[in-house]
Amino acid sequence: MRIGVLALQGDFALHAEALRRVGVEAVEVRKPAELEAVDGLIIPGGESTTLLKLMEAWGFVPALEKFHAQGRPIFGTCAGLIVLAREVLNPPQFSLGLIDVTVERNAYGRQRESFETEGEAALGREPVPIKMVFIRAPRIRRVGPAVTPLAGHRGECVMAREGSVLAAAFHPELTDDPAVHRYFAGMVEAAHPC
Ligand code: GLN
């Protein structure tokens, strides 16, 4: 099993390291053709407007729609969540619409309002404690009926899943906590058992 990390912009290298720490082969993906060789994909945090421009320029929009239609799992963190959402506010911008949530960009405030906290996530039979780092993070303002909230912060959903798509407003790759990457690796393994 091999998991790709979209390496156009943002903190992709840290995601690759986090995957390797949970024993998964990680490869950086810079061209749509490279998606053929991976069983799942992480879209990292960064700046979603820039990320979208690069994705559009390189032809990643149709390629990711196909990747998703084939049932291969995708995990977006922060800007990656924004790119995957059904609807984006502040300001509205194009998104792939692969998870039925509405997100509001930069809704926790400015860079200096970035924070690290701990919470609980429904990643197995029992809730597990997880560490979460929020950096100019989006807020999930609406969760569609087919979406399962997996973690909360102050009563708001900050991580959710719809089928093969996982999305988090925070950065698990900036902590030493492997729980979320291990969970995503499990999703990829389940989708591709051989
Ligand atoms: N503020 C960024 C955006 O709106 C996301 C920040 C992040 O990915 N850490 O695109």
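The values are calculated or read from the model by the stated rules, or taken from the named source; none is laboratory data. Just so it is clear, the structure is predicted and the values come from calculations on it, not from any experiment. Note: ideal-geometry Cβ built from the backbone for every residue, glycine included; neighbour counts use all protein chains shown. SASA here: full protein model, heavy atoms, side chains in, ligands and nucleic acids out. Shrake-Rupley method; radii C 1.70, N 1.55, O 1.52, S 1.80 Å.
For this structure, a couple of remarks:
- Its relative contact order, with pairs defined as Cα atoms under 8 Å and 6+ residues apart, puts segment 8-54 at 56 percent.
- Sequence-ordered 3J(HN,Hα) estimates for segment 17-26 from the Karplus curve with 6.51, -1.76 and 1.60 and θ = phi - 60° stand at 5, 5, 5, 5, 5, 9, x, 10, 6, 10 Hz, glycine and proline given as x.
- Protection proxy ranking, peptides 134-145, 109-120, 39-50, average beta carbon neighbours within 10 Å, highest first: 39-50, 134-145, 109-120
- Within the accessible area of the chain (1.4 Å probe), percent carbon and sulfur: 51
- In loop segments of segment 1-102 as defined by DSSP, the chymotrypsin sites (Phe, Trp or Tyr not before Pro) with at most 16 further C-beta atoms inside 10 Å of their C-beta are 94.
- Shape category assigned to segment 1-64 from the gyration tensor of Cα positions, a/c cut at 1.5: oblate
- Backbone phi angles across segment 174-186, fed through the Karplus curve with coefficients 6.51, -1.76 and 1.60 (θ = phi - 60°), yield HN-Hα couplings of 8, 10, 8, 8, x, 4, 6, 5, 5, 4, 5, 4, x Hz in residue order; Gly and Pro are listed as x.
- For segment 119-188, the relative contact order is 30 percent, taking Cα pairs closer than 8 Å that sit 6 or more residues apart in sequence and dividing their mean separation by the residue count.
- Each Cα pair under 8 Å and six or more residues apart adds its sequence gap; the mean of these over the residue count of the chain is a relative contact order of 20 percent.
- Antiparallel bridge percentage (DSSP; both residues within segment 1-142; nearest 5): 40
- In the full protein context, the chain carries 45 Å² of accessible surface per residue, based on a 1.4 Å probe and ignoring ligands, DNA and RNA.
- Using R0 = 41 Å, the C-beta based FRET efficiency linking residue 27 and residue 154 works out to 0.70.
- Note on the chain: along the principal axes its Cα atoms extend 39, 37, 32 Å, ordered by decreasing extent.
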